[in-house]
Amino acid sequence: MGTRDDTELAPSAMLGRRERAKAEKRARILAAARALFEERGFERTSMSEVARAADVAEGTVFRYAATKVELLMMVVDALWGAHERATTTTSLSAFAAPGTATAGGETAERIAELISPLVTAMRRWSELATWVAREILFGADMPHRQRVLDRVDRFEEQIAARLKDGRADASGAIGAARDVATGTAVEEPGAAAAAGARLIVAGVLAELNRSRQRRIDGEDVDVVLRRLIDLVVAGAGAAR
């Protein structure tokens, strides 16, 4: 019985090797891109520099990300995913138990705690954050951007869940009873919560950008963001 060399391996084994090689290249590209973006900033980093740092051909980088902005979104997607995996247990335990009323101040605290890592990251990499925000809001429909948008949607859902819990307080129950008695149409709690969540995420992006441009008139950005959250929580609680 003759010996078999690598060319005679089963297709599944060959595919496994190719996939591992691709994963290793992708990891090197991600690490190189992140390091260069952090060190040099977005505008001063080129795709050719990323390729050299990752020890791959420049064309290989373009196969993973068609543009430099897409490469940035690829990095953001990976970092956000790692954060989600690390905080899944904490995030789930932070939700109120079903049917449990949450005071407005407590709701605002929960939301402030939820957005805190995003605020910290955007402050640390303010130039990169400006590009990320611009791409989220106005970018072309590209694969890595879409994955980041999916994460933004899930982030808004987490905020909306906290807002919805916060609406289930005593005053909300009294208002709902009054609406039923008078025949007033009642808005779905989830609709106001979803709208509030979108306002908070958009507001965070806008206020952090204003802070970077020194347009907050000396106020600490944390104070401005907490004021925004308090307003949204109050509005969501009053909406019917």
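Between Ala234 and Asp150, what length in nm is gained on full extension when 0.36 nm per residue of separation is reduced by their alpha carbon distance?
On the way: separation 84, 0.36 × 84 = 30.24 nm, distance 2.71 nm.
The span from Ala234 to Asp150 would gain 27.5 nm if fully extended.
Using a basic spin-label model with each label point 7 Å from the Cα along Cα→Cβ, how many nm lie between Arg227 and Ser48?
Distance between label points: 4.8 nm.
Apply 1/(1 + (r/R0)^6) to the Cβ-Cβ distance of Arg40 and Leu79, taking R0 = 25 Å, and write down the FRET efficiency to the nearest 0.05.
So the FRET efficiency works out to roughly 0.90.
Using a simple spin-label model with points 7 Å from Cα along the Cα→Cβ vector, what separation in nm is obtained for Gln213 and Ala66?
2.9
Rule-based calculations on the coordinates, nothing more; no lab input. Predicted, not measured: the structure shown is a model, and the values here were computed from it. Neighbour counts run over all protein chains shown; Cβ positions are idealised from the backbone, glycine included.
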